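Trainee: Before we start, here is the structure in question, set down as structure tokens.
The values are calculated or read from the model by the stated rules, or taken from the named source; none is laboratory data. Note that this is a predicted model, so its numbers are computed, not measured. Note that we place each Cβ from the backbone using ideal geometry, even for glycine, and neighbour counts take in every protein chain shown. Just so you know, the surface numbers come from the protein's heavy atoms only, side chains and all, with ligands and any DNA or RNA stripped out. Shrake-Rupley method; radii C 1.70, N 1.55, O 1.52, S 1.80 Å.
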Amino acid sequence: MPLKYTALPNDKFTWSVTAYGQLRSSIKTPDAPSLDIQLLAQETGEQRIVQIGLFDALEIPIGSYWRGQKRVRYPDQNQVVTKTFKLEITELNESSFIKAYSKDQEAEELAWNRALERAQEQQVAAPSSRPNRYVIPPQILKVNKRLAGTNYLDVTAVNGTQVLIPSLTIFLRMYGASKSFKEYFLNYKLQFALGKMIFPVDLNKLENRPDPSDYVIGLSKEMYDDDSPFIHQLLEADYFKGVHRFIRHQLNTQLKYGVYLKVPMWFKGTMRLQVRGVPYTTECGKARFLVYDILGLSYPSFPTFFLDRSNTTYTNDDDINDEGDDKPPGWNGPYGYPHDGKEDERDSQYPPGHNAGMVSYSAPPISILGAKPEITKAIRKSKVTGGRPDKEHYGVGYESTSTSEAFSDNDDIAKAREQQEPQKDDDSKKASANGKRLTKDVIGLLEKALESLHGIGALCDFQYIGGTEGDYYLTKSFQALEFSGEVSDVWSYHGKDPNDRRLLVVAKLTLNGGEEVFVCEIQPRINRKGNSDGNLKGCVFLGLPTGFGSEELDTLIASLVLSKGVWSKVPLRNTGPRYPYRHVGSPTEAMMARSIIAAITKLPGMRRRAKDKKKQKKAQVMQTPEKGSLNPRGWV
């Protein structure tokens, strides 16, 4: 659902964001000041200034269009373009900034001389005053006088173009990857800010060790991995430390009355900057570019970062909890409040996190031009070896989504695990024969469950899908398929042996009404220590309107490997409407049969069909049997 910002106008006009203004302290948002922004109505030309939360500006960039408090597409003027500039950033200098109404002295001098020449040619009196010429001409951007103090970083690109960048756009787009980094950077002295961002790493608690050239950082749970370059600069670069003092001084001395913040680049040296904005040429023939938004930048060189996290879940035993849990329909955050079908609203007059349980908060990503810093993840020593206890799990409806982030960096983790443990005989796999640890044989229960459903008339027919990648077929005999995947995809195989693939069974069910449904069961995984929770994960789905063939099955299998078996992360375009479920505890064929039938009734339209059949059957029972009937009670 699109976000609505209640601070923006709610009318029939389309409003564009044209400039950021003054920061002001706010009682309601003590951790984030409010920000004046200038809006322009496209239909009438009316200007309006409203206040939003500073971090809401991440979602309300200059150059964006809004109607009815929601962002909309609107045809840009022809001069708005995307360009990449090469910049040379030198020492911090307050003279590097201009104001919205800064005069262009060179253009004024040229215009004044031309006016004098015209007066002399026409033999008239010379003008009494010099003409006004501005660095940002009003025909390019007309800034309200109330925002006259707005600052722009003035930097000349290597090609000679004068690039003008809104100061707050630099902070919002370039300072840290997470909102928490920006918040701590603004609100705390350096040592206190770093105390909230990082913690000392205890190498004795780790299985892997950093290389001598690695830079070790322990990140707090609020930080993103991509915050590590900025934290490194705060720890090691005198320039960025000076930038922090410079910004904090402005806030401490002026925020109470309102401050037009000056924000320089966060590192000095050569950088490439990809921006969106308006190019124009001055009367003197000088090329300028007014930036609306920053889309990408290049980083300086960094060492390889060795990252430990206070909330890490990576351990040395391929954690048997790696498959995650599907969430109930409508899950939208840590509080589990379901969607009510209405748009999400954000009130900028309240703290940015006051409704975090209801609204996903993410700024548009910024591209890294060139090489990104390399990151190695720390792997904690495991504390437990048993499976997870039995607990109630929710199924996920076909329209539901998961807000958890996709798993990342599996390649690095798998390689680290393979290198740190010597290859040896995995005798622990013998434990898989123990009845308390149901593993490879348990998936065969699906065959008995489908046979029992067919025997009692709950299914008209069923067939299994057999074959290999790209070449599948339907058959009446029980078939199990293997998960494909690379060595780094440890979820797709058992233990340490990439050749011992996990299995899945896919069957095509024909219901009594002629409807076709697919069911898929995924085999539990055995970890390196021979343990498994024994819980089967299944899903029923309708398939695609165009059919479900070999190509679609290959895509589904690849998506399951990528999502580590979490159905809510598998795109709906791979399955069509679906309903995942999980068997918890020691499964039996009867329990599996009940789970499958219950899941089928949750598919779109299936519950209504089941009710209709029940009513039809009840009506047949109530019919008066004809004389001489061999079925006096009317059972069919």
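Trainee: To the nearest 20 debye, what charge dipole does the stretch 440-616 have about its Cα centre, counting +1 at the Cβ of each Lys and Arg and -1 at the Cβ of each Asp and Glu? Working shown, then result.
Mentor: Numbers: 25 positive and 20 negative charges, 215 e Å.
Approximately 1040 debye in magnitude.
Trainee: Work out, step by step, the length gained on full extension between residue 125 and residue 601: first 0.36 nm times the residue separation, then minus their alpha carbon distance; give nm to one decimal.
Mentor: Details: separation 476, 0.36 × 476 = 171.36 nm, distance 9.12 nm.
So the chain would gain 162.2 nm between residue 125 and residue 601.
Trainee: Determine the order of 216, 135 by accessible area, beginning with the largest, at a probe radius of 1.4 Å. Could you put the intermediate results ahead of the total?
Mentor: Details: 216 60, 135 10 Å².
Largest accessible area first, the list is 216, 135.
Trainee: Still on this structure, I have one more. Using a basic spin-label model with each label point 7 Å from the Cα along Cα→Cβ, how many nm lie between residue 471 and residue 115?
Mentor: My value for the distance between the label points is 8.5 nm.
Trainee: When the dipole is taken about the Cα centre of the stretch 12-157, and only Lys, Arg (+1) and Asp, Glu (-1) are charged at their Cβ, what size is it in debye, to the nearest 20? List each step's numbers first, then the result.
Mentor: Values: 19 positive and 17 negative charges, 142 e Å.
Result for the stretch 12-157 is approximately 680 debye, rounded to the nearest 20.
Trainee: So what's Rg/Rh here for the stretch 549-596, counting alpha carbon atoms and using the Kirkwood radius for Rh?
Mentor: Working: Rg = 12.8 Å, Rh = 12.2 Å.
Across the stretch 549-596, the Cα-based Rg/Rh ratio is 1.05.
Trainee: Once Lys and Arg get +1 and Asp and Glu get -1 on their Cβ, which of 577, 485, 474 lies farthest toward the positive end of the dipole of the stretch 440-616?
Mentor: My answer, from the dipole projection, is 577.
Trainee: For the stretch 440-616, what number results from the quotient of the Cα radius of gyration and 2.2 N^0.38 Å?
Mentor: Values: Rg = 16.0 Å, N = 177, 2.2 N^0.38 = 15.7 Å.
This ratio for the stretch 440-616 stands at 1.02.
Trainee: Can you pull the one-decimal nm distance between simple spin-label points at residue 284 and residue 188, each 7 Å off the Cα toward Cβ?
Mentor: 4.6 nm
Trainee: Something else now. When the Karplus curve 6.51 cos²θ - 1.76 cosθ + 1.60 is applied with θ = phi - 60°, which whole-Hz ³J(HN,Hα) does each residue of the stretch 9-23 get, with x for Gly and Pro?
Mentor: Couplings: x, 10, 9, 8, 8, 9, 10, 9, 8, 10, 6, 9, x, 8, 8 Hz.
Trainee: Among 162, 208, 129, pick out the residue whose Cα is farthest towards the positive end of the charge dipole of the stretch 124-230, where Lys and Arg carry +1 and Asp and Glu carry -1 on C-beta, about the Cα centre.
Mentor: Result: 129, furthest along the dipole toward the positive end.
Trainee: Now for a separate question. To the nearest 20 debye, what is the magnitude of the charge dipole of the stretch 479-530 about its Cα centre, counting +1 on the Cβ of each Lys and Arg and -1 on the Cβ of each Asp and Glu?
Mentor: The dipole magnitude comes to about 320 debye.
Trainee: Tell me which residues come under 5 Å, amide H to amide H, from residue 462 once H is placed; ignore anything under 5 positions away on its chain.
Mentor: 510
Trainee: How long is the stretch 121-200 along each principal axis, judged by its Cα atoms, biggest number first, in Å?
Mentor: Taking max minus min along each principal axis of the Cα atoms, the stretch 121-200 gives 79, 34, 20 Å.
Trainee: Can you tell me the length gained on complete extension of the stretch residue 221 to residue 452, counting 0.36 nm per residue apart and subtracting the Cα distance?
Mentor: 78.3 nm
Trainee: Between residue 546 and residue 44, 0.36 nm times their residue separation minus their Cα-Cα distance comes to what?
Mentor: Details: separation 502, 0.36 × 502 = 180.72 nm, distance 4.80 nm.
That works out to 175.9 nm of additional length.
Trainee: What does the accessible area of residue 568 come to, in Å² to the nearest 10, when a probe of 1.4 Å is used?
Mentor: Near enough 20 Å² of accessible area.
Trainee: Take the cross-link list 103/142; 99/262; 262/286; 189/268 and give me the ones stretching past 19 Å between alpha-carbons.
Mentor: Numbers: 103/142 14 Å; 99/262 10 Å; 262/286 25 Å; 189/268 22 Å.
Going by Cα-Cα distance, 262/286; 189/268 fall outside the 19 Å limit.
Trainee: May I pose another question? Taking the dipole about the Cα centre of the stretch 204-291, with the C-beta of Lys and Arg at +1 and of Asp and Glu at -1, give me whichever of 228, 264, 287 is farthest to the positive side.
Mentor: Toward the positive end, the furthest listed residue is 287.
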